[in-house]
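The block underneath contains the structure these notes are about, expressed in structure tokens.
The values are calculated or read from the model by the stated rules, or taken from the named source; none is laboratory data. Computed from a prediction, not measured in an experiment: that's the story for all the values here. Positions of Cβ are generated from backbone atoms using ideal geometry, with glycine treated the same way; all protein chains shown enter the neighbour counts.
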Amino acid sequence: MSKPPENAPISFFLNGSPLSLSVAPGRRVVDLLREDLPLTGTKEGCGTGECGACTLLVDGLPMLSCLMLAAQLEGRNIETVESLEKDPVGEKLITSFEEKGAVQCGYCIPGMEMTALALLRKHPEADREDIRKGLSGNLCRCTGYVKILDAVEDTAKNLTAPKEMP
Amino acid sequence: MNPVLFPRTKEMLLSMVKAYPEARFMAGGTDLLVALRQKQKALPPLIGLERMEGMGDILKEGEEISIGAACTLKEVASHPLTRQHLPLLCQGAASVGGPALRNMATLGGNLCTASPAGDTLPALFLLDARLDLLSETGLHTLSMEAFITGPGRTALLPGELLHRIRIPIPQNAPIQHFEKVGNRNAMAIAVASLAALIRMEQGLVAEARLAWGSVGPKVIRSSEAEAALVGKPLREESLKEAAFYAGKAVQPISDIRASADYRKTVSASLLQRLILYRDSDCRGEQS
Ligand SMILES: Cc1cc2nc3c(=O)[nH]c(=O)nc-3n(C[C@H](O)[C@H](O)[C@H](O)COP(=O)(O)OP(=O)(O)OC[C@H]3O[C@@H](n4cnc5c(N)ncnc54)[C@H](O)[C@@H]3O)c2cc1C
Ligand code: FES
Ligand code: FES
């Protein structure tokens, strides 16, 4: 018989709010989010680091929650797709994805958007080639990528466009 | 449930190794967690390296660049010191997986996995990297030749840690170039790769160092191919001649990604393609 898992306390920031909970240290972050919390916006595709569907931001950097353990979250700042509409860049991304029709089944989109969010925060001037490279770890089975690239490029243009004079 | 520990100092780390002799080190976990999950067993005790002091920094020490083994490949590819002095390594690091993976995967992990397809290995061989290993008995240093003992095998003893990677700064501004051929641009393990370090003097090749990845049990060098370039201008004819020797030196296998014959052809072609990169510069990553 296997021993019942021993939980350990961890504290981190999740989408801007402090959170303390007790969890098995070896639990995968994707399972913690989707099953325990439950924040099901983050998707699991491959479970082996290849598809990017499970991408979230850790201290602002895109990382793969299927290859990350709960214990690693201690003291970190985590952002999931659930926080997107409250973020100024995220909000623009959502609008652009809708306007450009950059979604089919939607499975890859949370990962795409979180990756794009980190990229555009750091490089709002990113051009199509930068965006293509930035999203190179995120797979999509449906769209053919063109509309996704259009949407992120559109967001970048929105971010860098000179403000109109009142 | 086994613990997942995050030592901050060498002392803490060594005492954890003692307390959990069956523990595995985990840097980014991108190789380790995939491998452990395939076995479908409970995780062993893990000693995570992401919070170790002195293992996540890149420094210039005298005429060397010293890189903490737990530096992510993103840091290695985008750091001003590596971009300035070690573009070859930047290019290798930037070739691994996609951006999110490179935010997790480390240089030390790439080395310790010792895959024949490890994208930083050819560069580290050519750059004469020295590896500082830490254990209870203290620090000792190995060359790449001594460290990588076979496919997936290293000279690390149980409980021994790769602490830092030290690389002499190449003198006289050699051409540094790494190129990888995979089945697609991102997230693909190399079918073949070539690292080249070529020093020119008055328009002629004064020194050529060449290393192929993914086409043998370890990184492959060819002294014949290197010699075929020396004393000549970097032109199509000399590269073609050297490519002939490259095709003989590599010992590829056939697997699901490519046939041995294809790998041989690609190894030779990669060398001939150097003509395109005579003025190559660092293609690392934006910070
Ligand atoms: C989707 C995907 C794509 C990939 N693509 C590529 C690719 O294109 N090119 C490529 O080269 N690799 C690729 N890899 C493999 C992997 O990402 C790299 O080898 C990476 O550099 C491993 O680093 P890590 O920090 O994640 O290692 P970990 O998984 O943490 O560790 C790997 C091994 O080394 C040991 N270890 C780690 N650090 C140390 C240390 N400092 N001292 C002693 N032992 C240590 C661990 O115990 C473990 O056995 C890919 C992996 C995935 C999942
Ligand atoms: S589910 Fe994590 S990368 Fe595919
Ligand atoms: S929209 Fe279906 S996977 Fe991308």
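Assorted remarks:
- From the options B:195, B:258, residue that is crowded, with 21+ Cβ neighbours inside 10 Å and farther than 30 Å from residue B:84 by Cβ: B:258
- Close contacts from region B:89-105, counting a first residue that is under 16 Å from residue B:196 (Cα atoms) and in contact (Cβ under 8 Å) with a residue 60 or more places away in the chain and a second that is within 12 Å of ligand 2 (Cβ to nearest atom) and assigned to a helix (DSSP H, G or I), with Cβ to Cβ under 6 Å and a gap of 6+ residues or different chains, come to none at all.
- The selection criterion, being outside any loop (DSSP other than H, G, I, E, B), within 14 Å of another protein chain (Cβ to nearest Cβ) and farther than 18 Å from residue B:133 by Cβ, does not hold for residue B:50.
- Residue within region A:78-87 that is closer than 19 Å to residue B:94 by Cα and either out of contact with any Pro (no Cβ under 8 Å at 6 or more places or on another chain) or away from ligand 3 (no atom under 16 Å from the Cβ) (or both) present: no
- Set A:41, A:101, A:106, A:111: member being within 14 Å of chain B (Cβ to nearest Cβ) and either within 16 Å of ligand 3 (Cβ to nearest atom) or part of a loop (DSSP other than H, G, I, E, B) (or both): A:111
- Count - residues of region A:135-153 that are within 16 Å of residue A:121 (Cβ to Cβ) and away from ligand 3 (no atom under 14 Å from the Cβ): 1
- Selection from region A:67-98 of residues that are buried (at least 18 other Cβ atoms within 10 Å of the Cβ), touching a strand residue (DSSP E or B) at 6+ places or on another chain (Cβ under 6 Å) and either in a strand (DSSP E or B) or of a type in the set (A, V, I, L, M, F, W, C) (or both): A:69, A:70, A:71, A:73, A:78, A:79
- Test set (1) surrounded by fewer than 20 Cβ atoms within 10 Å (Cβ to Cβ); (2) assigned to a strand (DSSP E or B); (3) modelled with pLDDT of 95 or more - residue B:181 fails condition number: (3)
- When region B:15-33 is filtered for residues that are more than 26 Å from the chain's Cα centre (by Cα) and either at the interface with chain A (Cβ under 8 Å from one of its Cβ atoms) or surrounded by fewer than 16 Cβ atoms within 10 Å (Cβ to Cβ) (or both), the ones remaining, listed by number, are B:15, B:18, B:19, B:21, B:22.
The rows are residues; the columns are (1) away from ligand 1 (no atom under 16 Å from the Cβ); (2) modelled with pLDDT of 95 or more.
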| residue | (1), (2) |
| --- | --- |
| A:65 | no, yes |
| A:109 | yes, yes |
| A:123 | yes, yes |
| A:131 | yes, yes |
| A:160 | yes, no |
| A:164 | yes, no |
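- Every condition in (1) in a helix (DSSP H, G or I); (2) modelled with pLDDT under 95 holds for residue B:15 except the one numbered (2).
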